[in-house]
Amino acid sequence: MSTAKKNTKGIINWIDYRLPVVSFLKHSAVDYPTPRNLNYWWNFGSLAGFFLLVQIITGVILSMHYTAHVDHAFDSIEHIMRNVNHGWLIRYIHMNGASFFFIVVYIHIFRGLYYGSYKAPRELLWWLGIIILLLMMATAFMGYVLPWGQMSFWGATVITNLFSAIPLIGDNITQWLWGGYSVDNPTLSRFYTLHFLLPFLIVGVVVLHIVALHTHGSNNPLGIDRKGPQDSIPFHPFYTIKDLFGLSFALTIFFAVVFFAPDFLGHPDNYIPADPLKTPAHIVPEWYFLPFYAILRAIPDKLGGVIAMFSAIFVLFLLPWLDTSKVRSATFRPVYKILFWIFLIDAIVLGWVGSKPAEGIYIIISRIATLYYFLHFLILLPLLGKFEKNRPLPESIGKPVLAE
Amino acid sequence: MNIFTLSFLIFSFTFSLISADKALKPEQYPFSFSKPLGKIDKNSAQRGLQVYIEVCASCHGLKHVAYRSLEGLGYNKDQINRIAAQFQVDDLPNEEGEILKRAAIYSDYFVEPYENYNTAKAANNGAYPPDLSLMVKARKDGANYIRSLLLGYTDAPNGFDVGEGYYNKYMAGNIIAMPQPLYGDDVEYKDGTNATLEQEVNDLVTFLTWTSMPDLEDRRSAGLKVIFFLFIMTIVFYLSYRKIWSELKK
């Protein structure tokens with residue numbers, strides 16, 4: 001392929017002359033110059049792309065056997081589990097694939113937070129990432145409704161009811177979302193349509209995310225710009241093999257869960273068919289929503305809780321300007337580094353408290369953790385950039401030692 | 001739905017959890033399938049099927065399980081047809097349009113004990129006996145929970161009002177609508193096993209674990225191969241990665 005221009009014979013060259021797919025791939029996935037110092041935390045972007053693909057492929061197969069009707073949805077899932085050849089495998093991959101997609105995306109996001117990947121000139125790259133996260137959340141939420149188990153139904157009821165907090169038109173919006181006066185068949189069937197549609201929108205935003213990424217290239221653990229060709233290496237073979245190793249490692253963990261603990265991340269109640277007359281003792285969302293669920297419940301006012309929950313994500317859009325420090329990587333920001341870890345612990349505490357009943361000490365913990373979440377973004381980061389003294393930055397990626 | 005209903009939904013479990021806390025944690029029992037690579041004990045599951053048919057089936061259905069799938073427990077087609085033939089199902093309408101009953105066959109699903117939901121409720125003091133197909137997956141620590149529950153019937157402590165129900169220390173809230181179903185010697189095992197209460201319960205739970213997870217053995221044996229393959233592949237990729245990157249250091 002390296003002789004593509006000289007050699008005008010051959011099918012590949014014939015095609016590439018008319019539709020430059022090969023040169024495009026060569027430009028953006030083979031020769032693509034990449035910082036030479038990326039560590040394993042940079043594996044999670046390609047992993048996220050892989051899990052998106054897994055979800056789409058298994059999802060399309062499941063859709064061939066699933067029935068989106070309140071009378072048949074639960075049974076059709078059991079039909080997949082028992083009668084469809086390897087249906088149990090496809091479904092368990094899809095179920096756990098959603099969880100793993102969120103795990104790798106959350107790690108990917110925290111990687112960005114630690115190394116300041118959201119700073120100029122990558123603000124739009126960061127924005128596109130948040131849009132992907134929002135689309136993922138919507139998709140995952142609607143997907144969880146499809147089996148029409150108890151948690152599906154009651155989760156959908158609680159979350160769609162959040163929209164009724166909107167003043168004046170809230171109830172109308174909620175009824176419009178439901179297609180009726182409660183979560184019912186119209187709700188299920190539109191959720192199914194949207195659950196099928198949104199992943200393809202995600203693919204579109206992922207393409208934009210990659211275009212934005214390739215415009216200025218990856219950030220790197222030092223957070224400094226590349227000074228010359230000596231700071232870069234071609235993506236292939238160096239990062240293809242590193243990504244393959246990371247993928248293989250992640251798949252080992254993923255399939256260990258799929259084959260040996262496929263229901264570990266789920267809730268037993270979702271194996272009980274939906275019953276609109278019987279509220280489960282304990283309505284909890286999937287684990288990846290727990291931190292936001294905790295923020296929702298921390299505010300004693302319904303509308304306030306909903307606003308806080310959505311703000312928790314929308315504040316990320318402002319992050320490139322809230323973080324006033326010019327230095328990207330936490331490696332050279334001694335105070336930010338500590339704040340990063342405190343923030344990570346705060347997010348984990350929110351997730352944990354989100355799984356607990358909203359009573360006594362848990363309410364207090366969730367309020368403190370919610371307060372800190374916003375304190376981190378709105379107060380600490382803007383001030384820190386003004387007062388923090390960063391460690392000296394290395395001169396270049398290729399020669400980090402010279403700076404000392 | 002207004003704010004009060006929503007608050008009720010979100011916060012109600014607070015109180016139900018307090019009552020749920022009164023239930024004992026299930027006793028851990030080493031079933032044949034408890035370990036990650038364990039299998040379903042087929043003999044035990046077959047005895048469990050007998051307990052289900054002779055005792056449980058009068059109230060509880062297994063609507064997601066087809067008779068044909070009993071091949072997974074080691075029965076052949078003739079044996080399965082004989083098991084199915086004990087139950088009557090609606091036939092297709094005949095030439096006069098009447099729907100007559102016929103004996104169930106290999107390809108039918110386990111026959112439901114009641115005509116419909118309301119019949120089932122009416123026959124059981126208003127409490128619907130839940131379908132058992134997925135019971136092991138539908139409860140936390142399902143196998144141990146069901147085993148503990150079936151062994152956990154005792155007299156209520158003094159002053160504890162069970163109302164129309166029965167006392168069970170493993171049930172959330174300690175009151176269960178189902179009377180104690182098994183006492184020991186409820187069935188006469190065809191293989192001569194002594195039908196003690198614990199034996200019957202263990203066999204039944206083994207059978208219900210299979211109805212919940214008919215994929216269990218296939219899944220575990222395939223999983224072992226997949227993990228082995230991925231483990232080797234990961235090592236190969238790691239070594240390739242080291243080899244390729246070593247060129248950079250020169």
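The values are calculated or read from the model by the stated rules, or taken from the named source; none is laboratory data. Every value quoted in this text rests on a predicted model; they were computed, and no experiment measured them. Backbone-built Cβ (ideal geometry, glycine too); neighbour counts: all protein chains shown.
Restricting B:Leu134, B:Leu150 to those that are within 14 Å of chain A (Cβ to nearest Cβ) and either of a type outside the set (Lys, Arg) or within 30 Å of B:Lys25 (Cα to Cα) (or both) reduces the list to B:Leu134.
Which of the residues spanning region A:281-315 are assigned to a helix (DSSP H, G or I) and farther than 14 Å from A:Met137 by Cβ? Outline the logic, then answer.
Within region A:281-315, the first condition is being assigned to a helix (DSSP H, G or I), and the residues that meet it are A:287-298, A:302-315.
Listed by number, the residues that qualify are A:Ala294, A:Arg297, A:Ala298, A:Lys302, A:Leu303, A:Gly304, A:Gly305, A:Val306, A:Ile307, A:Ala308, A:Ser311, A:Val315.
Can we say A:Leu177 is away from every other protein chain (no Cβ under 14 Å) and either surrounded by fewer than 20 Cβ atoms within 10 Å (Cβ to Cβ) or of a type outside the set (Ser, Thr, Tyr) (or both)? For A:Leu177, the condition - away from every other protein chain (no Cβ under 14 Å) and either surrounded by fewer than 20 Cβ atoms within 10 Å (Cβ to Cβ) or of a type outside the set (Ser, Thr, Tyr) (or both) - is not met. With the structure loaded, tell me whether A:Ser189 is more than 10 Å from chain B (Cβ to nearest Cβ), farther than 23 Å from A:His267 by Cβ and of a type outside the set (Phe, Trp, Tyr) or whether it fails that test. So A:Ser189 passes the test. Within region B:168-197, residues that are touching a residue at least 12 places away in the same chain (Cβ under 8 Å) sit with their Cβ atoms under 6 Å from residues that are of a type in the set (D, E, K, R), at 6+ positions apart or across chains, in these pairs: B:Asn174/B:Lys22; B:Leu182/B:Glu200; B:Val187/B:Glu54; B:Tyr189/B:Arg47. If you filter region A:270-313 down to residues that are among the charged types (D, E, K, R) and either surrounded by fewer than 22 Cβ atoms within 10 Å (Cβ to Cβ) or more than 9 Å from chain B (Cβ to nearest Cβ) (or both), you find that the one that is farthest from A:Val349 (Cα to Cα) is A:Asp275. Within region B:230-239, is even one residue farther than 30 Å from A:Pro237 by Cα, more than 7 Å from chain A (Cβ to nearest Cβ) and under 42 Å from the mean Cα position of the chain (by Cα)? So far as region B:230-239 goes, no, none of its residues is farther than 30 Å from A:Pro237 by Cα, more than 7 Å from chain A (Cβ to nearest Cβ) and under 42 Å from the mean Cα position of the chain (by Cα).
Given the structure, is A:Val335 surrounded by fewer than 20 Cβ atoms within 10 Å (Cβ to Cβ), away from every other protein chain (no Cβ under 12 Å) and farther than 22 Å from A:Val105 by Cα?
Working: surrounded by fewer than 20 Cβ atoms within 10 Å (Cβ to Cβ): yes; away from every other protein chain (no Cβ under 12 Å): yes; farther than 22 Å from A:Val105 by Cα: yes.
Yes, satisfied.
Taken over region B:51-60, the residue count meeting the criterion of being buried (at least 18 other Cβ atoms within 10 Å of the Cβ), touching an Asp or Glu at 6+ places or on another chain (Cβ under 8 Å) and under 15 Å from B:Gln86 (Cβ atoms) is 1.
Small (Gly, Ala, Ser), under 22 Å from the mean Cα position of the chain (by Cα) and assigned to a loop (DSSP other than H, G, I, E, B) - does that describe any residue in region B:115-123? Please lay out each step first, then the result.
Taking region B:115-123 as the starting set, the residues that turn out to be small (Gly, Ala, Ser) are B:120, B:122-123.
When the remaining residues are screened for being under 22 Å from the mean Cα position of the chain (by Cα), the result is B:120.
Now narrow it down to the ones that are assigned to a loop (DSSP other than H, G, I, E, B): none.
Checked region B:115-123: no residue is small (Gly, Ala, Ser), under 22 Å from the mean Cα position of the chain (by Cα) and assigned to a loop (DSSP other than H, G, I, E, B).
Being within 13 Å of B:Gly48 (Cα to Cα), aromatic (Phe, Trp, Tyr) and more than 14 Å from chain A (Cβ to nearest Cβ), is that true of even one residue in region B:204-213?
The first filter runs over region B:204-213 and keeps only residues within 13 Å of B:Gly48 (Cα to Cα), leaving B:204-211.
Within this subset, residues satisfying the condition of being aromatic (Phe, Trp, Tyr) are B:207, B:210.
Applying the additional criterion that residues be more than 14 Å from chain A (Cβ to nearest Cβ) yields B:207.
Yes, the conditions are met somewhere in region B:204-213.
To keep it simple, each residue is scored yes or no on (1) in a helix (DSSP H, G or I); (2) within 8 Å of chain B (Cβ to nearest Cβ); (3) out of contact with any helix residue (DSSP H, G or I) (no Cβ under 9 Å at 6 or more places or on another chain).
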position: A:Thr215; (1), (2), (3): yes, no, no
position: A:Asn219; (1), (2), (3): no, no, no
position: A:Gly223; (1), (2), (3): no, no, no
position: A:Pro237; (1), (2), (3): yes, yes, no
position: A:Phe245; (1), (2), (3): yes, yes, no
position: A:Phe254; (1), (2), (3): yes, no, no
position: A:Val258; (1), (2), (3): yes, yes, no
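Go through the residues of region A:156-165 one by one and say whether even a single one is loosely packed, with under 15 Cβ neighbours inside 10 Å, outside the structural domain of A:Phe314 (by TED's automatic domain parsing), free of Cβ contacts under 8 Å to residues at least 24 places away in the same chain and part of a helix (DSSP H, G or I).
Going residue by residue through region A:156-165, those that are loosely packed, with under 15 Cβ neighbours inside 10 Å are none.
Checking region A:156-165: not a single residue is loosely packed, with under 15 Cβ neighbours inside 10 Å, outside the structural domain of A:Phe314 (by TED's automatic domain parsing), free of Cβ contacts under 8 Å to residues at least 24 places away in the same chain and part of a helix (DSSP H, G or I).
Where helices (runs of 4 or more DSSP H) sit wholly within region A:3-77, those with at least 2 residues that are assigned by TED's automatic domain parsing to the domain that holds A:Ala140 and surrounded by 14 or more Cβ atoms within 10 Å (Cβ to Cβ) occupy A:44-63.
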